[in-house]
Amino acid sequence: MSSGWDRTRRLAGRLLEAPGLGTVIGWAERAPEPAGVFRVLTYHRVDDPQRRPMLDPVLAIPPRRFEEQIRFLSGSYTVVSMARLLEAREGRRPLPAGAVAITFDDAYLDFAEHAWPILRRYGVPATLFVPTAFPGHPERAFWWDRLHHALHRCAPRERLDTPLGPMPLRTRQDRSRAGWKLRGHVKRLPHREAMFCVEETCRRLEATEFQNPVLDWDALRRLAAEGVTIAPHTRTHPRLNRVGPDEAAAEIEGSSQDLLRELGQTPPVFAYPDGAWSEPVVEAVRERGFRLAFTTRAGLNRLGRSDPLRLRRIHVGRHTTLRVLRTRLLGWLPTWAGPHG
């Protein structure tokens with residue numbers, strides 16, 4: 001039996017595809033909006049999920065769908081660079097109407113393979129937030145990918161003993177349900193306990209290691225030379241509200257130093273891993289000179305009203321059709337389908 005979340009998502013998807021809704025969306029897109037409103041999109045991967053089955057497919061959007069979205073954005077909105085957002089934040093240049101910024105988190109290899117060629121084709125700028133301990137170290141896989149790989153590549157079994165109790169792993173649906181529950185559990189734990197939980201689960205499932213397809217420093221340097229804004233996303237991607245203040249500060253500052261060392265520059269913008277922040281974390285970001293910082297809270301932003309160190313972003317993932325994206329750009333669907341990476 002499918003979960004209530006899946007049923008709700010499918011029902012919502014059918015409602016969004018209703019013929020009459022397209023007319024309403026088109027009318028809303030043409031309506032004027034207050035000055036200074038801007039949107040920030042969050043992508044993670046652009047790839048066919050079956051191409052790299054060891055990675056969690058929830059974060060992957062097929063290249064064809066991504067191109068459809070970029071074509072729409074380039075024709076219906078004004079896609080702005082991170083430099084343009086900074087200029088607007090500092091009062092040096094107003095934002096155009098319909099401003100949208102495109103961001104990618106985690107620096108997966110498919111950004112260079114699929115996303116950037118499409119973005120260049122349409123002349124669209126993008127910012128890539130990099131967890132800087134991963135480039136050049138493919139053995140350091142992200143915990144959510146390791147968990148997915150362990151659950152979906154192990155032999156079927158009647159149950160797996162977990163901190164949440166025994167979970168069956170007989171079918172693909174069992175494994176997906178277990179992954180969803182375990183991801184939520186891991187996010188609620190202090191970071192060290194969370195990583196121990198992932199390690200223990202992978203050990204029990206006898207998971208094999210795999211090479212994490214993350215861009216290396218040479219590739220990042222090429223992308224920077226071609227116009228991609230490369231920005232910090234901590235070093236090892238912990239949820240910053242689940243580590244101590246000294247560790248959080250070291251993660252934030254270390255990622256900037258890594259980019260400065262490897263690329264020669266780093267912009268004063270930052271993305272909180274998994275969108276997780278606290279007041280001390282925001283203060284640490286402020287103290288280190290960042291001018292803009294991005295959460296994963298969904299919604300729109302407005303210059304002069306939105307906190308520049310708690311900016312909202314709109315997540316785009318596997319289930320985000322063009323119709324869904326268009327409604328979220330209008331601010332109609334503020335909380336659906338957030339990321340977990």
For Thr327 the rounded accessible area (nearest 10 Å², probe 1.4 Å, non-protein molecules ignored) is 0 Å²
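Give, in nm to one decimal, the length gained when the segment between Glu206 and Ala97 is fully stretched (0.36 nm per residue of separation minus the Cα-Cα distance).
Length gained between Glu206 and Ala97: 33.9 nm.
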Given GluC sites (Glu not before Pro), DSSP loops and at most 15 other Cβ atoms within 10 Å, the longest exposed-site-free stretch of the chain is 227-341
In debye to the nearest 20, the charge dipole size for the chain, taken about the Cα centre with +1 at each Lys and Arg Cβ and -1 at each Asp and Glu Cβ, equals 1260 debye
Averaging 1/r across every pair of distinct alpha carbons in the chain and inverting yields a Kirkwood hydrodynamic radius, in angstrom, of 20.8 Å
So the carbon and sulfur contribution to the accessible area of the chain, 1.4 Å probe, in percent, is 52 percent
Expected field for His319, accessible surface area in Å² at 1.4 Å probe radius, rounded to 10, holds 80 Å²
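In Å², and per residue, what accessible area does the range 131-257 have when probed at 1.4 Å with the other protein chains present?
Details: 6240 Å² over 127 residues.
Accessible area per residue, the range 131-257: 49 Å².
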Amide H neighbours of Arg93 at under 5 Å, excluding residues fewer than 5 places away on the same chain, with H built from the backbone geometry, are Ala88
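Would you kindly give the portion of the calculated P(r) for the range 153-262 that falls above 23 Å, as a percent of all Cα pairs? Don't skip to the answer; put the middle values down first.
Values: 2896 of 5995 pairs.
When every Cα pair of the range 153-262 is considered, 48 percent fall beyond 23 Å.
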Between the residues Thr295, Asn241, His319, the Cα farthest towards the positive end of the dipole of the chain, that dipole coming from +1 and -1 charges on the beta-carbon of Lys, Arg, Asp and Glu, is from His319
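The values are calculated or read from the model by the stated rules, or taken from the named source; none is laboratory data. Here the structure is a predicted model, which is why all the values come from computation and not from measurement. Neighbour counts run over all protein chains shown; Cβ positions are idealised from the backbone, glycine included. We work out accessible area using only protein heavy atoms, side chains counted, and drop any ligands, DNA or RNA first. Shrake-Rupley method; radii C 1.70, N 1.55, O 1.52, S 1.80 Å.
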